[in-house]
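Every number here is computed from the coordinates shown, using simple stated rules; none is lab data. Please read these numbers as outputs of a predicted model, since none were measured by experiment. We place every Cβ from the backbone using ideal geometry, glycine too, and count neighbours over all the protein chains shown.
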Amino acid sequence: MFRTALRNLLAHKTRLMMTALAVLLGTAFVSGTLVFSDSVGSAFRNKTAKSLDDVAVSVTPGRPSTDSKDGVLDARVVDKVRALPGVTSVRPSVGGAATVADRNNDPAGSQWGSSGANYVPGEDGKDSRYPLKSGRGPASADEIALDTRTAEKTGAKLGDTVRLAIDGPVMTKTLVGTVGTDDPRVGAGGSLALFDTATAQKLFGKPGEFGELVVSAAPGTDQNALTRQVEAALPDGFEAQSGKQLAAEQAKAIDKETGSIRNTLLVFAGISLFVGVFIIANTFTMLIAQRTREIALLRAVGASRRQVVRSVLVEAGLLGLVASAIGFVLGLGMAVGLRSVLDAGGAELPDGPLVVEPTAAASALAVGVLVTVVAAWLPSRKAARIAPVEALASVDQAPAPRGLVVRNSIGAVLTGLGVAIMLYVTTLRDSGGLTAAMAGSALTLAGVIVLAPLLSRPFVTLFGKVTGRMTGVSGRLAKENALRNPRRTAATASALMIGLTLITGLTVAAVSANQGVDRMGQQDLTADYKVSSTSYLGLSPDVAKKLAGQPGVAAAVPVRMIGFQTNGEPTGVQATDLAALGKVTDLRVTSGSLTGVRGADSVAVAEPYARKHGLKIGSTVPMDFYDGQKAKPRVAAVYAKNDVLVDVLGTPALVDPHLDRVRDDAVYLKAAPGQAGKLPAEIKKTMGGNPIIKVESQDDLRRESAGSIDSVLYLMYGLLGMAVVIAVIGVVNTLAMSVFERTREIGMLRAIGLARTGVKQMVRLESVMIAMFGAVLGVGVGIFLAWSGGHLLRSSFPEYEMVVPWARIGIFLLLALAVGVLAAVWPARRASRLDVLTSIGTQ
Amino acid sequence: MSSHRTATPTRVAARATGLSKVYGHGETQVRALDAVSVEFRRGEFTAIMGPSGSGKSTLMHCMAGLDSVSSGSAQIGEAELASLDDRRLTRLRRDKIGFVFQAFNLLPTLTALENITLPMDIAGRKPDAQWLNMVVDTVGLSGRLAHRPSQLSGGQQQRVAVARALAAQPEIIFADEPTGNLDSRSGAELLGFLHESVRALQQTIVMVTHDPVAASYADRVIFLADGRIVDEMREPTADAVLDRMRRLPGGNPRTPEFEAKGRTS
C-alpha cells in the first residue's frame, strides 16, 4: 500500500501543489521562528560570553542603597582583592546611564543601551576591555572617549566637543578617543561613553567608590575556588560571583527573553498551521471523492479498510514530509526576514550568524508531518467507507450529501456556549475574566466554524441574488456551485475567517484603545507640555527648577513616584508640588483640602482608591517602602480619579527619603498666556541641546500612545498575514480542484455556448463568494469578540469604549473581494482553457 | 425567435464540402476524415453510422464547431465555421446548434427546467414560452421540471437534454450516441421523441450512433468507413442497416448491441 500512496502522490503532483504550499508556509513559519530565536539567543550569548571572557570573579556591593560603610567598594577593597593569590588584575569599574547627543541633539543610542563607564588604563596606559580605535583614553574631567559607532553619530572628530547628559544639565567634553567594545547593549543599538575614573565616580556614584570589581585570574585558576577566596577576604555586604556563574545567569535571562519572543511567534505560526489544516482536510476530501472508483477497486481486489486508511495517511505523511522539508529551507530565509522586521520595529537585536539547531529542523519536520496526517485523518475515514461495489458503477455518482444535522447541533451548542460565556464576560468588572474570555472566544470561533456550512446557504443565496442580477447566468451558476458542497465552501471560507476574526478583533480593540487614550489625555491634562527624559533615569530636580525660571512658563510642576505596599498590595505614591498641581491637571478635590497635605505625615488619595480601602479624611494609609522602612500618613484630602496622577499624592518630604537618587519622572508645564507656541524651541535653547530633554505637547503625547498601539497592531497584521496568505492558497486550491472535478460540466457549458469569459466569470464569482463569506463571518465574529472582551478593560481603563472603525473594516471587505478575484485567476484561466472535446469526452 | 430560419433561403441546415481532418504528423498521422462532402437538410433526421474509427464522431465534432477542420469547409446555415474565432464559434453553438451527448448532459446544480433554458440564459434571451411548453410536452417532462438531475432516471435525464437542445430552436441538433447509456426501453422512448420532434416541431437532427435500431428511427442513414462516406440509405430499417454495416470495410463482426453498450463516443 505504500507504493499506492507514493504513486498517488506523484500522480496528483499538481493537484497537491497548493496543499503542499500551505503546509510549506506553515512549517516555514515554525522553523523560521525557531532558527530566528536560536540565532538571536546565540548572538546574545556570544556577545555576553565575550564580554565576560576575562572575568574570573565579579564583586559588587550587596545592597547599594544602605548607608552602612561595609558595602562600599573603594580602593581599600580593591587592594585587598588584588593581594589574593591567583589574581592577576582587578579592574574597578563604575558606570551607569549616559546619553550622548547626536548631530540633532537627539540621543545617539537607544533608551536602555545608552551607558557610560570609567576607562581603566593598565600599565601600558590602555584599557584592555575597550581597545582603542583612535586617539587615547580619557584622562581628565573634560575628556571623553566614545565607541566608534556613537562617535560617528555625533559627527565629532578627535578634539571636537561632544555633548551629553546623565539626568540633569547638558555637559560638554572633548572627544579624545574612540574604542571598540563587545558590550552587547552597544551591539544592539546602544552608545558607550568613557570617562576617567574620578569623573565616572562623580557622575555615576560617589567619589572614591566603584560599582563593580572585575577580577582576572591566571589561566587555569579554579574560578569557584577564587570566588570563595574573594568572599572570605571581604567583609559582609559584598557579593562575589564567578565569571561562569555570571555567564550562566545572563544566558538564562537571554533564553527567557528569546523564549518569550519565540513563543509569541509560535502562536502565530500555530494559527497559520491551523488554517492550513482546513486546506489539507479539504484537499484530501476532494481527492478521495475523485478517487472513489480507484479506492473501491482496491477494496474489491482485497484491500482492507484499514489498508485504505493507511494508504491515505501515508500519502498525507509523505506530502507533509516533502512540504515541510522545503518549508524548513524557506524558514531559514524567513528567520532573516523576521529579524529585519523586528529590527524595523525597534527590537535592536545583536548581529550574529544564523544558527540552525538540529532540533529546529526536527520540530519543523515533525510539525509538518503531524499536521498533515491529522488533517487527513477525517477524510481517510471517508475513504474507508467506500464500498467495493462502487468500482462497478458506470457513472460517477456524486455521493449523496450527508446530512448536516449532527454537525449543526454540535455547532449550535459550541456557538451558544461561547456566546453565553462572552455575554457573561461583559458583566465582569475587572480583568479577572481573561481566562473566561479566551475560552469563550475560542468556543465561539470553533462553533461558527462548525456552523459555517449551515450559514453558507443564506449568505451565498443572498450574494448570488445580487451577482446573479448583475452577471446573469455565470453568477447563478457560481452560486449553485458554491452551494453544491457546503462543507467544502465552509472549510475554505473558515480558513479565511480565522485570520479575519483575529485581525478585526485586534483592530477594533486597538482603535478603541487609541480613542480611549485620546479621551483620557484630553480629559485631565491641562498642562501645555510634558517634559521628560529620554533616559530611564529621569530628570534631576535642577531641570524643574530651570524650567520654572524659563520666561514664558507659568508653572512647572515636577512629579516623582516611589512604590510601596499596603498589606502586600503594590501601589505608588507621587510627590509633587501640590499647590501648583491644579494648574497642569484638572484636579477636583472632593473632600478635605490639599493644603492639609504637609510634611511626611499626610497624603491625598483618589476616590476609587479611598473607596476600595475604606479610607476617609483622617484615616491612615499603612505604607511599606521597598527600602524596608514604613510610614503611616493620614488622609488629608480625597480627589476625583485623575488619569495624569496615581492614586496617592504626597509631598517630597514623604517620598524623597526612600528614593535612591531624587529624580523627577516628568515636569508638567503650563505656558504663560500666548507663550505656548514658541516654548519648546526656547526650552531646547536654554537647555543647551540637552539630549535627554524631551518636550511633548498634548498632541505629541496622544500621537505617541497611538503610535505605540498602532505599531503593535501593524506587527500583528504582519504576523497574521501568513495565516491570510495560507487561506488564500486554500481558496485557490478549492477552486482548482473544483474545476478539475467539474471538467465535464464546463466542457458541456462551453459546448452549448458559454463563452470563455463566462466560464472565467463563473469561477471568479464562486471564489469571491467564498472569500466574502469568510470575510463577513470573520468581521462579524471579530467585532463581537472585541465588544464582549472589551468589557474586561472597564475597571482599569474606564475611558475604553468600543469604536468600530467601519472605514477600515470596509477596506478589509474590499481586500477580501480582491483576494477572491485574485485567488480565481489561475483556476479560472484553467477552466476557460479547457478543451471542449476532451472535457466532455472519455473521462 | 425563428427569424433565422425564415431568413435563410436554403433548405440546407449544414453542409460539409471536401472536409478533411488529420491528427498528428508524419509517421503517426491519422486521417480521420478524408474529403467528406455531405448536406444535412432542414427538417430531416440523419443518422451517421460506421465502425469504430470510421470518423463519424469526428465528422460530428467538426460540423458542430467543437473541433477544427484541417481542410475543406464546414457550414452551419451560411456560416463558414473555419472563418470564426472562438468567441464567434461559441456564440454560433449557443444560438444555432443544440447538443445531446451520451452522458453528463446536465448541470447537477440546476433543475430540469433551468437546464432546459440554460442556452437561452447564457445568451440572455427569454425563452419562447409557447414553444417551450410544446417542447416539454413533446418529451413528456411536464411533471418533472422542478427536479434536479439526480432525482431523474437516466432516460429522463436524456429527455431533458433533448428538450434543452430543442428549446432554443437551433438550426441543427447534434446527438452523439444519445441512447448509449440507456436501457433499450428508455432508448426507444428517446428515439421516439427525437423522431417526433423532427416531425412535429420541424427540427433538424444529426445523430451519431452504433445501434442499427437507433439508426432505423432516422429518415436517412449515412455510412462512414475510414473517414469516407461509403453509402447512404433512406427510410432505413434496423435489419437493412445491420446488413449494410456487416459489409463495411473494417465492419465489426461483433453484434452491434453489445458494442454499443461498451462504447463511449
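Under 11 Å from a point 7 Å along the Cα-to-Cβ line of A:Lys50: which residues of the range A:139-181 have their amide N that close? The answer is A:181. Computed from the C-beta positions of A:Val405 and A:Trp377 and an R0 of 22 Å, the FRET efficiency is 0.50 to the nearest 0.05. Karplus-derived 3J(HN,Hα) values for the range A:588-595, using 6.51 cos²θ - 1.76 cosθ + 1.60 with θ = phi - 60°, are 10, 7, 9, 7, x, 8, 5, 5 Hz; glycine and proline are entered as x.
Between A:Ala387 and A:Lys133, the simple spin-label model (points 7 angstrom out along Cα→Cβ) gives 8.1 nm. Given only helices, namely DSSP H runs of n ≥ 4 each adding -39500 (n - 2.57), what is the per-residue ellipticity at 222 nm of chain B, to the nearest 500 deg cm²/dmol? Calculated at 222 nm, the ellipticity per residue is -10000 deg cm²/dmol. Can you work out the PRE-style zone for A:Arg598? Point 7 Å along Cα to Cβ, and I want the residues of the range A:620-644 with backbone N under 16 Å. Correct set: A:634-637. Considering all different alpha carbon pairs of the range A:539-691, the Kirkwood hydrodynamic radius works out to 16.3 Å. Mind giving me the FRET efficiency for A:Thr526 and A:Glu801? R0 is 30 Å, r the Cβ-Cβ distance, nearest 0.05 is fine. The pair A:Thr526/A:Glu801 has a calculated efficiency of 0.85.
What order do you get for A:544-551, A:494-501 when each peptide is scored by the mean count of other beta carbon atoms within 10 Å, highest first?
Working: A:544-551: 16.6, A:494-501: 28.5.
Final packing ranking: A:494-501, A:544-551.
Among the residues of B:95-108, the average count of other protein chain beta-carbon atoms within 10 Å of the residue beta-carbon is 4.
Taking the alpha carbon gyration tensor of chain B, multiplying each eigenvalue by 5 and rooting it gives semi-axes of 28, 23, 17 Å, largest first.
Working note: Cα atoms of the protein assembly as shown, range along each principal axis, descending, whole Å: 129, 71, 55.
Tell me which of A:Ile254, A:Ser738, B:Asn105 sits at the most positive position along the dipole axis of the protein assembly as shown, charges placed on C-beta atoms (Lys, Arg +1; Asp, Glu -1). Farthest along the dipole direction, towards plus: B:Asn105. In degrees, nearest 10, range 0 to 90: what is the angle between the Cα axis of helix A:698-741 and the longest Cα principal axis of chain A? Value to nearest ten degrees: 20. Put a plus charge on the Cβ of each Lys and Arg, a minus charge on the Cβ of each Asp and Glu, and nothing anywhere else: the dipole of the range A:539-691 about its Cα centre is then about 340 debye.
Evaluating 6.51 cos²θ - 1.76 cosθ + 1.60 at θ = phi - 60° for every residue in the range A:411-419, the Karplus couplings come out as x, 5, 4, 4, 4, x, 4, x, 5 Hz, glycine and proline recorded as x. Between A:Asp586 and A:Leu814, the distance separating the two model label sites (each 7 Å from Cα on the Cα→Cβ line) works out to 3.6 nm. Only the Cβ atoms of Lys and Arg (+1) and of Asp and Glu (-1) were treated as charged; on that basis the dipole of chain B about its Cα centre amounts to roughly 360 debye. About its Cα centre, chain A has a charge dipole of approximately 4540 debye under the convention of +1 per Lys or Arg Cβ and -1 per Asp or Glu Cβ, with nothing else charged. Per-residue Karplus couplings for the range A:83-95, computed as 6.51 cos²θ - 1.76 cosθ + 1.60 with θ equal to phi - 60°, are listed in order as 7, 5, x, x, 7, 9, 7, 10, 10, x, 10, 8, x Hz, Gly and Pro entered as x.
Along chain A, counting only chymotrypsin sites (Phe, Trp or Tyr not before Pro) with a DSSP assignment other than H, G, I, E or B and at most 13 other Cβ atoms inside a 10 Å radius, the longest segment between sites is A:1-535. Against chain A, whose longest principal axis comes from its Cα atoms, helix A:358-384 is set at around 30 degrees. Packing here is the average count of other Cβ atoms within 10 Å per residue, and on that basis the peptides A:656-667, B:12-23, B:138-149, A:476-487, highest first, run A:476-487, B:12-23, A:656-667, B:138-149. Peptide B:164-171 is shielded by partner chain Cβ atoms: per residue, an average of 1 of them sit within 10 Å of its Cβ.
Peptide B:81-91 is shielded by partner chain Cβ atoms: per residue, an average of 2 of them sit within 10 Å of its Cβ.
Considering Cα pairs under 8 angstrom that are at least six residues apart, work out the relative contact order of chain B and quote it in whole percent.
Details: 519 pairs, mean separation 67.2, N = 265.
25 percent.
Each of A:Ile617, A:Pro551, A:Val603 was placed along the dipole of the range A:539-691 (beta-carbon charges, centred on the mean Cα), and the one lying farthest toward the positive end is A:Pro551. Take every DSSP beta bridge with both residues inside chain A and express the antiparallel ones as a percent of the total, to the nearest 5. Among the beta bridges of chain A, antiparallel pairing accounts for roughly 75 percent. Between A:Glu357 and A:Leu434, the modelled label-to-label distance comes to 2.6 nm, taking each label 7 Å out from Cα in the direction of the beta carbon. Summarising the strand pairing of the range A:54-243, around 75 percent of its internal DSSP beta bridges are antiparallel. In the protein assembly as shown, taking the dipole from charged Cβ atoms about the Cα centre, the farthest positive-side position among A:Leu834, A:Leu417, A:Ala362 is held by A:Leu834. Relative intensity of the range A:54-243 on a log10 scale, I(q)/I(0) at q = 0.09, 0.12, 0.14 Å⁻¹, equals -0.34, -0.59, -0.78, per a Debye sum over C-alpha point scatterers of equal strength in the absence of solvent.
Excluding same-chain residues fewer than 8 positions from B:Lys96, which lysines have a Cα within less than 17 Å of its Cα? Of all the lysines, those that pass the test against B:Lys96 - Cα under 17 Å, at least 8 places apart if same chain - are B:Lys126.
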